[in-house]
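Each value in this text was obtained by applying a stated rule to the coordinates, not by laboratory testing. As the structure is a computational prediction, the values presented were derived from the model and not from experiment. Note that each Cβ is placed from the backbone with ideal geometry, even for glycine, and that neighbours are counted across all protein chains shown.
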Amino acid sequence: MAGSAGGARLAVLIDADNASAQHLERLLAEIAKHGTAGVRRAYGDWTTTRLASWKAALLDHSVQPIQQFAYTSGKNATDSALIIDAMDLLHAGNLDGFCLVSSDSDFTRLAARIREQGLTVYGFGERKTPKPFVAACDTFVYVENLAPTADTTSDAAKPALKRDSTLDRLLYEAVDASAGDDGWANLGTVGSNLSRLASDFDSRTWGFGKLKDLMQAHPSYQVQSRPAGDGKSSNAYVKRRETGTRTRARQ
């Protein structure tokens, strides 16, 4: 197994029938944050005009099209071909993780099976993706969150936080699980907790590019930077505010 995220060997398997070519460039950029996509395949019936928009995108990004004829109406042969190839790649033992690109719940068991083998599964799909598939992945990214966002470097440009009970609950549980006796929690650990609590947690869902920005915008939390052990960098810490936090977090 690779020792770091940057060196992780990944296979990108795309269900072209249930994914859009317009997201491919940004999707591959997102995948590059987790490792190197040595295997890049897109599955579909490339003899049809329905997938015409994919062809140029595949060439531009060195993605191999895998031809799969639709033998019988109403049966998804593409899914079967992708699953068979995924299992072959899994048992070859040359990979650290898989990136499954689809909004189809048919890949739920595949994602779970790969995880059972000890490999990481990254899912990518639209917000309509069924929850069982989302939950079966270690990390699930909604492709809508990959769209370019406005520059939020200045305080005036930062969006207002859209509050909801799901966000409040997740933040409360993630901070509470990693807070020290003084109530402060390392933001990196909080982020890891959030990923374990909800595979599809993404600060971009609430309009923030980084978790730190989201926490700073949330009225129930305060963020503080502390020098790191090397004396050259700093780490961010977060703490629940003293008044009203518990009540709001559990609503």
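Let me make sure I get this right: for the range 5-146, a, b and c are the square roots of the gyration tensor eigenvalues over alpha carbons, sorted descending. Under 1.5 in a/c it's rounded, otherwise prolate if a/b > b/c, else oblate. Which is it? Judged from the Cα gyration tensor, the range 5-146 comes out rounded (a/c under 1.5). Karplus-based coupling profile of the range 130-141, in residue order and whole Hz: x, 4, x, 5, 4, 5, 6, 8, 5, 9, 10, 10, with θ = phi - 60° in 6.51 cos²θ - 1.76 cosθ + 1.60 and x standing for Gly or Pro. Projecting the Cα atoms of LEU194, ALA21, ASN145 onto the charge dipole of the chain, computed from C-beta unit charges around the Cα centre, puts LEU194 farthest toward the positive end.
Taking the charge dipole of the chain about its Cα centre, with +1 at Lys and Arg Cβ atoms and -1 at Asp and Glu Cβ atoms, the residue from GLN216, ALA77, THR166 reaching farthest to the positive side is GLN216. Pairs spanning more than 21 Å between alpha-carbon atoms, out of LYS131/LYS210; LYS162/LYS212; LYS33/LYS131; LYS33/LYS239: LYS131/LYS210; LYS33/LYS131; LYS33/LYS239.
Amide H contacts under 5 Å for VAL12: VAL39, ARG40, ARG41, CYS99, restricted to partners 5 or more places along the chain or on a different chain, H placed in the peptide plane at 1.01 Å from N.
Under a 5 Å amide H cut-off, with hydrogens placed 1.01 Å from N, VAL141 pairs with GLY123, PHE124, GLY125 among residues at least 5 apart or on other chains.
Here the range 172-244 is assigned +1 on the Cβ of each Lys and Arg and -1 on the Cβ of each Asp and Glu. Its dipole about the Cα centre then comes out at about 240 debye. A simple charge model with +1 on the Cβ of Lys and Arg, -1 on the Cβ of Asp and Glu and nothing else charged puts the dipole of the chain at about 560 debye relative to its Cα centre. Extent along the principal axes, Cα only, for the chain: 63, 36, 33 Å, with the longest axis given first. Amide H contacts for TRP46 (H built 1.01 Å from N in the peptide plane; partners 5 or more residues away or on another chain; cut-off under 5 Å): GLN68.
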